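This report concerns only the one structure given below.
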Amino acid sequence: MRDAKLSAAVGLPLALVAVTSLFVGCKKDQQTSDTNGFPRSQTLYLAGSQWGDPSTFNPLAESWQAAWPVGDRFNLMYEPLLAYNSLDGKVEPILGSLVSKNNDSLVVDINPAAKWSDGKPVTSDDVKFIFELGRKYKSAATGFAIEFISGINVDTVDNAGAKTERLSFLVDKKGRNNPLVILDLLQAIRIVPSHVFKDLLAKSGDNLDSVKKLKVDQNPVVSGPYTLNTYSNEKIVLERRDDYWGNAALHEGKLPAPKFIIHPIYKSNDHFAIALQKGDLDASQTFIPRIWMKKKDNVSTWMEKAPYFVPGALPMFIINCTRAPLNDKAFRRAMAAAINYGDIKELAVSGYSPDIQPGLIMPSGIESKYFNADEAKKNGVGYNLEAAKKMLADAGYKSVYKADGTLDYMTDKAGKKLPTLFIKSPAGWSDWEAMVTIAVKGLRTAGIDVREGFVDAGLYWPAKPSGDFDVLMDKPAASITPSLPWSRFEAVMSSRNWAPVGGDNKMNENQGRYNSPKAKEYNPKVDSLLKAIPLTNDEAALKAAYGELNNIFMQDQPAIPLVNLPEQFYEFSTTVWTNWPSEKNAYAPAQLPWVSAGTKTLWQLKLAD
Amino acid sequence: MKLLRNLLKSPMFVIGMSLFFGTLLFALLAPLFYNVTLDRVGEQYMSSGSGYILGTDHLGRDYVSLLIKGLRSSLYVGFVAGIIATTVGTLIGIYGGFKGGLIDDMLNMVTNLFIVIPQFVVLVLISSSMQEGRSLTLIGLIIGCTGWTWSARSVRAQASALRSRDHIALARMNGDNTLAVLIKHVLPYLLSYVFMIFIMQIASGILSESAISMIGLGPLDTQSLGIILNDAKANGALGDGVWWAFIPSTLLITVIVFALYLINTSMEGVFNPRLRRE
Amino acid sequence: MLKQYPTARFILQRGGWYFLTFLVAVTINFFLPRLGDNNPVDIIMGKAGSGLSTEAAKEKEEAYLKEFKLVKLNDAGEIVRDDVGKPVRASSFEQFVNYVKMSFSGDLGTSFQKYPKKVLDVILEAVPWTIALQLPTIAFGWIVGNLLGALAAYRRGLFDRFFFPGALFLSAIPFFVFGMLLVYVFAVILGWFPAMGGYASDIIPSFSFSFFGSVAYHYVLPFFSIFLILAGGQAIGMRSMGIYELGTDYIKYAKWLGLKEGRILMYLFRNAMLPQLTGLALSLGTMIGGALITEMIFSYPGLGMAMLTAIQNNDYPMIQGVTLIITVCVLIANFTVDILIGFLDPRVKAGLQMGGN
């Protein structure tokens, strides 16, 4: 009898396993492929841009909704007109090529070879459709484009015998008057097949909202080198299009090396590192600490030693300049002097950054021509505890300590007790948490009463536009675009849409409400420089303008940059694929081959022997 | 008391108690003897050979200090949760079990409601509407307020069995009202049982706190054993073989919970002689 | 009339209470997330609003509010505005009525966060993973644990001396750390098992041997991370119950009567099993919402992760949908247990027949 029980005990659960794996096998919304699996030597595994379940592949959906590679700026399926190369700052052609750029218009030629996967050519109709969608439909995801572009003129020119469509994007001189942002848009907005979507709109009774709800995941009409093969909640699979127009027109007839690109969706940060080390993942766009310890497992980065990554973004503390004592620039500068940037670099980001310099301009890379080391030394503050304490004392602030030596509170010039300040940061982002913790340690040592204010995402995101914070941890203008470093200054200092904190007031840049136009300390230079720089084409004038703007930033300190992180993390494994771009082999920028000018890497990858 | 003498005869009880009180004393007294500091003392993840017995964490802080602080927090949460859960569960269980009928059914419904609503919905909601966010006390409170359901069930089963006992019937015939009967006759009988439940609730509170911290919903701005584990996981300690990041805190949690389980089982043995070893 | 059918009356009475609990739970689960200050559109706008002009941002925000039915709409489908032109928010009560209406037609709404995916689709995709992860583990853990516990109760002595503290220690380990350690030792260092995922990344789910094989292979570590600790806990409980029952009069009587050992054991298990069954049913009921951490550690796209992200983003329809499923499962499990115990436990049956409750 006992044997019977035993065999029942073993057999029953096994049967259960079999039955439940049946459940797992039954999925809806799956495109079946006739290949039984994806051979490793033909597949490239990339990860780090898709975290949740893929919900839609509709190129008209909001960019944060659509799954990889349709959302954001990826150009594997749908392509933009131009691509920006963050390595040399040049604009490279994809669907179009840049002919000229001045303060009145940007002129782009459409490549006559460009074709959709259903054979139809990519035309100016397609470009006008997506760029001007906002004129007809208020809820268009690309609606903001019409604020900058007043019109698109189409001409036909004869380019070495080939009839080419020439598009002139007219700068809206009465509106935003900003050709720099238009250049941004030309490399960010992907072109969609207008014949497909006009059809869908007509069928839905001209209702864009209902068209936006379609998933567009079955045999989509694309122009890019890959198309959607299959997807599930665990991964997204792209398949190479051997009839991609760009193979002949842009890559000398070569095909991209991987036949399939698979993006696995991991639920936990350490999975990326483990997968890279085991050779199951080929490249990852995530923060992996202590990357040098993985070298023995064939994991590499752009540089072989510190800082390993190419800097591109500035995580910083945005300070609410409307609250006392943060409205006092001396207080803000004292804060900036009390933070141990060296510790942040070493401990929070594993040394992935060069030493930070004061100001909003990065001292390395394409921006370095605008960086002036002498001015930075003169106007900016670095880590200097004694100087911080002196600044506070000079400005009249006193720090009151408890009996055991720990900081209790601060008083201002009038002797009034100041409330504790909190640095709001989303809980769970480990590198940001470490930065805030280290910063708070330094600030409190200098006698500044600040504490960590880690909150859930649900409290963090709404607090940003509404200004509901003392200090906010943020990374503004994080994507590498041609409009840097202007867009970083605009995101931090612009008073264009200035609205006070309170009520329903929301600001989408300068959330710290710096430089209020109504205040008597209002510095009109900031906004006038921000307006003028996009229209300045002379290098010398640009240098002067940026220098002046940066000086104002360093003197007023509306935000405190903490460290230089890369725009995209880039670590790759050479277990299966080699010939990745790197410092020694710099044929493409330091990023995964799925956006901007980095996509060309796909044609250069080779299999490891 | 005879009870205490019996308990002391059981080796499990002695071991469990000494482990638990040993840990408690360590948590309370260690800061007097050891320099507990949360400042950076070295490099990231230095191993134990570097002069710090348990090495450093991802911010270069001494793990012994972190563990001491974490231990105190976790024990605190365990006690808060344990006290609340035991009190609520016992009261509801006794009242419902003893009275029976409509009141029992209604209290059953309340118990079921609390089982059904997931713990972290309540946790995120309440913590997001409070300015100070999630403190240790708040987490202890919520674990206690959502974890009492099984205690209520157990106590209810015991109390309803008691209803038909003779001395209870006698008390009722004497005219005592329900509350008096409950306090004078039922509660003393169940006291040992309730104490066992308290022990288990402390254990469950400590385990729950570490689980909640692992999800990322742990207390903000403090250390706890669960937070130490979460930090280890979030900073890739596992993949790099940094065993001192998670083994010591795991051991601490396991030892405390194990000690509590030992106490519980030995008490079971004493109160129920049949369970004792022959 | 029903007094003549005590069983039926018992079931109906119990069922009635459970149904009432269900209604109250659904209502609470609806209003609970809305008690907070942040509505999901604020969260979305915070994430996606940078760089937009105030006008454009306002238009986008209103489009979302309208889409998620958080504002009042007039008959023409346009937003009703107040005197200053701001959209009038739909009250929680109106949203509730809307929700009930939609649920009856089987539409649990559209997720805010995973827009435009429907809540029902998200749940249906995630549930198999959660069940696949938990069901065999719970079942196996329960069976093996109880067997071992009964064994320890029956044959005390050396086996019990070592087994008991060992099982106790095992059940004291936080299961997620155990899972992490298993991954570290067996997947990272030894490389014997995969570290994550439900099946190999290069396979598409199909009714093939290779697929099931891959699933089983990936299942080993997650299974053991929960199973061992669960079995330990069950064994301890069963051992206590077993010892308790062994000492009862009726068992002693049966022994003296000279009944065969097998027979005695059968009676023993049947009675000791009752509280264990309760535990099993409850585990199965709460299984849907559990194992969140295991899902995180092993990247199983189950219901736990879906629920966590929904709560963090105030995704009302998802929260409602997931809590609805949990409510239904837990209540059904409890109901079943109550009825089962009513039938299996002769004391309750006797109580019924005597007309009491």
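Here, each number is a calculation from the coordinates, and none is a lab measurement. Note that the structure is predicted; figures quoted are calculated from it, not measured. Using ideal geometry, Cβ is built from the backbone for each residue, glycine included, and neighbour counts are taken over all protein chains shown.
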List the residues whose amide H sits under 5 Å from the amide H of residue A:571, counting only those 5 or more places along or on another chain, with H placed 1.01 Å from N in the peptide plane. A:284, A:286
Percentage relative contact order, chain C, counting C-alpha pairs under 8 Å, at least six apart: 25
Taking the Cα of residue B:122, stepping 7 Å toward and past its beta carbon, and measuring to each backbone N in the stretch B:202-227: which are under 19 Å? B:202-220
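Going down the table (A:138/C:118; A:267/A:441; A:136/C:60; A:424/C:72), which pairs top 22 Å between alpha carbons?
Details: A:138/C:118 24 Å; A:267/A:441 31 Å; A:136/C:60 15 Å; A:424/C:72 33 Å.
Violating the 22 Å limit, Cα to Cα: A:138/C:118; A:267/A:441; A:424/C:72.
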Residue A:579 versus residue C:192: modelled label distance in nm, points set 7 Å from Cα along the beta carbon direction: 4.1
GNM on chain B, Cα springs under 10 Å; top mean-square fluctuation among B:174, B:264, B:230 goes to B:174
So how much slack lies between residue B:14 and residue B:32, counting 0.36 nm per residue of separation and subtracting their Cα-Cα distance, in nm? 3.8 nm
Short version: ³J(HN,Hα) in whole Hz for each residue of the stretch B:154-163, in order, from phi by Karplus 6.51 cos²θ - 1.76 cosθ + 1.60 (θ = phi - 60°), x for Gly and Pro, what are they? 4, 5, 4, 4, 5, 5, 5, 5, 6, 3
Sparse-neighbour loop sites [GluC sites (Glu not before Pro); the stretch A:147-241; at most 11 other C-beta within 10 Å; DSSP]: none
Taking the dipole of the protein assembly as shown about the Cα centre (Lys, Arg +1; Asp, Glu -1; charges at Cβ), the one of B:93, A:47, A:516 that reaches farthest to the positive side is B:93
Of the residues C:13, C:320, C:95, which exhibits the maximal mean-square fluctuation in a Gaussian network model of chain C defined by a 10 Å Cα contact cut-off? C:13
Label residue A:249 and residue C:185 with points 7 Å out from Cα along Cα→Cβ: what is the distance between them in nm? 5.9
Charge dipole (debye, nearest 20) of chain A; +1 at Cβ of Lys and Arg, -1 at Cβ of Asp and Glu: 960
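Just to verify a number: FRET efficiency for residue A:203 and residue A:152, C-beta to C-beta distance, R0 = 22 Å, to 0.05?
On the way: r = 26 Å, r/R0 = 1.19.
In this case the efficiency is close to 0.25.
Could you calculate the FRET efficiency of residue A:404 with residue A:468 from 1/(1 + (r/R0)^6), where r is the beta carbon distance between them and R0 is 30 Å, rounded to 0.05?
Numbers: r = 33 Å, r/R0 = 1.10.
It comes out at approximately 0.35.
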Value of [θ]222 nm, deg cm²/dmol, for the protein assembly as shown, DSSP H segments ≥ 4, -39500 (n - 2.57) each, nearest 500: -16000 deg cm²/dmol
Restricting to DSSP loop positions (anything but H, G, I, E, B) with no more than 14 other Cβ atoms inside 10 Å of their own Cβ, which trypsin sites (Lys or Arg not before Pro) remain in the stretch C:260-336? C:260
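If R₀ is 45 angstrom, what is the calculated FRET efficiency for the pair residue B:39 and residue A:163, using the beta carbon separation as r and rounding to 0.05? Write out the running numbers ahead of the final one.
Numbers: r = 71 Å, r/R0 = 1.57.
Using R0 = 45 Å, I get an efficiency of 0.05.
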Which whole-percent values make up P(r) of the protein assembly as shown when all C-alpha to C-alpha distances are grouped in 20 Å steps starting at zero? 10, 37, 35, 15, 3, 0
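With charges only on Cβ, +1 for K and R and -1 for D and E, what is the dipole size of chain C about its Cα centre, in debye, rounded to 20? Before the final figure, lay out the partial values.
Values: 28 positive and 24 negative charges, 333 e Å.
Here the size comes out at about 1600 debye.
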Hey, what do the phi angles of the stretch B:66-83 turn into as Karplus ³J(HN,Hα) couplings, whole Hz, using 6.51/-1.76/1.60 and θ = phi - 60°, x for Gly and Pro? 4, 5, 4, 4, x, 4, 4, 4, 5, 5, 4, 4, x, 5, 4, 4, x, 4
Phi-derived 3J(HN,Hα) across the stretch C:314-320 with the Karplus relation (6.51, -1.76, 1.60, θ = phi - 60°), rounded Hz, x for Gly and Pro, is 6, 7, 3, x, 5, 4, 4
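Counting other Cβ atoms within 10 Å, keep those with at most 14, restrict to DSSP loop, and tell me which GluC sites (Glu not before Pro) in the stretch A:505-591 are left.
Numbers: sites: A:509, A:521, A:539, A:548, A:567, A:571, A:583; in loops: A:509, A:521, A:567, A:583.
Those that pass, being in a loop and sparsely packed, are A:521, A:583.
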Calculate the spin-label point distance for residue B:179 paired with residue C:100, positioning each point 7 Å from the Cα along the beta-carbon direction, and give it in nanometres. 3.7
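Tell me the net charge near residue A:333. Cut-off is 12 Å between Cβ atoms, residue A:333 excluded, with +1 for each Lys or Arg and -1 for each Asp or Glu.
0
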Taking beta carbons within 10 Å but only from partner chains, what does the mean come to for residues B:211-221? 5
Dipole in debye (nearest 20) - the stretch A:302-370, about Cα centre, beta carbon charges: Lys, Arg +1; Asp, Glu -1: 300
